[in-house]
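To start, the structure under review is shown below, and the notes come after it.
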Amino acid sequence: MSFDARGFRDAMGRFATGVTLVTAVAPDGAPIGLTANSFTSLSLDPPLVLWSLDRKSDTLPIFTECKHFGVNVLQTHHRDLSNKFATKQNHHFDAISFETWDSGVPIISDALAAMECEVHARHDGGDHVIMVGRVLRLRSHEDGVPLMFYRGKYADLAHPVSAGAAQPEGQPKA
């Protein structure tokens, strides 16, 4: 059976994802970021995460040269932040509050989770570059509702799990 790029994209859109703001520091010292939903954990030992960057992204030169990046898992109230950094040539932190950790990458203080990563590897991924990072430092908040993406638009988590809630029987464990 054959399919076209649109069919493939539509099928992949049926997989709900969280939304992240991936950050770095440009060679001129400016903090930059971009919205990504291609984020996942890779390994517990060592602690590795990965995300992928479109080769057409105007941030490609920065992310293919940087030594560190940050991953900020966004909450529902970060929708405007996500929209801002999803736009080409709009990757700067003008009037946006952030903190920095050891490497200097921007960290959103109220992100649901935030990680400071050292670049572990970069791999060819077709029209994307797969970025693998070793997590050096992290923080997560117990409560909050993640910003979700499904079928090409934002979606709500129907039944958020509260901190300390038992996992229903038969649910996948990460």
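Figures for the structure shown
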read-out: Checking F63 against (1) open to solvent by 50 Å² or more (accessible area, probe 1.4 Å); (2) touching a strand residue (DSSP E or B) at 6+ places or on another chain (Cβ under 7 Å); (3) farther than 20 Å from S140 by Cβ; (4) not polar (S, T, N, Q), the condition it does not meet; value: (1)
read-out: Every residue from the stretch 1-50 that is assigned to a loop (DSSP other than H, G, I, E, B), in contact (Cβ under 8 Å) with a residue 12 or more places away in the chain, closer than 23 Å to M115 by Cα and open to solvent by less than 100 Å² (accessible area, probe 1.4 Å); value: A16, V19, A26, A30, N37, S38, F39, P46, P47
read-out: Where V71 falls short, out of the listed (1) part of a strand (DSSP E or B); (2) farther than 13 Å from G133 by Cβ; value: (2)
read-out: Residues satisfying the stated conditions in the stretch 1-52, i.e. among the aliphatic types (A, V, I, L, M), in contact with a strand residue (DSSP E or B) (Cβ under 9 Å, 6 or more places away or on another chain) and farther than 20 Å from Y154 by Cα; value: A24, V25, A26, A30, I32, L42, L48, V49, L50
read-out: All positions within the stretch 128-152 that are of a type in the set (A, V, I, L, M, F, W, C) and either surrounded by fewer than 14 Cβ atoms within 10 Å (Cβ to Cβ) or under 18 Å from T35 (Cβ atoms) (or both); value: V129, I130, M131, V145, L147, M148, F149
read-out: Within the stretch 66-83, considering residues that are under 16 Å from N37 (Cα atoms) and of a type in the set (D, E, K, R), the one most open to solvent (accessible area, probe 1.4 Å); value: D80
read-out: Residue within the stretch 104-122 that is open to solvent by less than 50 Å² (accessible area, probe 1.4 Å), at pLDDT below 95 and either in a strand (DSSP E or B) or within 30 Å of A5 (Cα to Cα) (or both) present; value: no
read-out: In the stretch 84-103, residue least open to solvent (accessible area, probe 1.4 Å) [restricted to those that are assigned to a loop (DSSP other than H, G, I, E, B) and polar (S, T, N, Q)]; value: S103
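The values are calculated or read from the model by the stated rules, or taken from the named source; none is laboratory data. Since we're looking at a predicted model, the values are computed, not measured. A quick note on method: Cβ atoms are made from the backbone with ideal geometry, for glycine too, and the neighbour counts reach across all protein chains shown. For the accessible areas, the whole protein counts, side chains as well, though only heavy atoms, and no ligand, DNA or RNA atoms are used. Shrake-Rupley method; radii C 1.70, N 1.55, O 1.52, S 1.80 Å.
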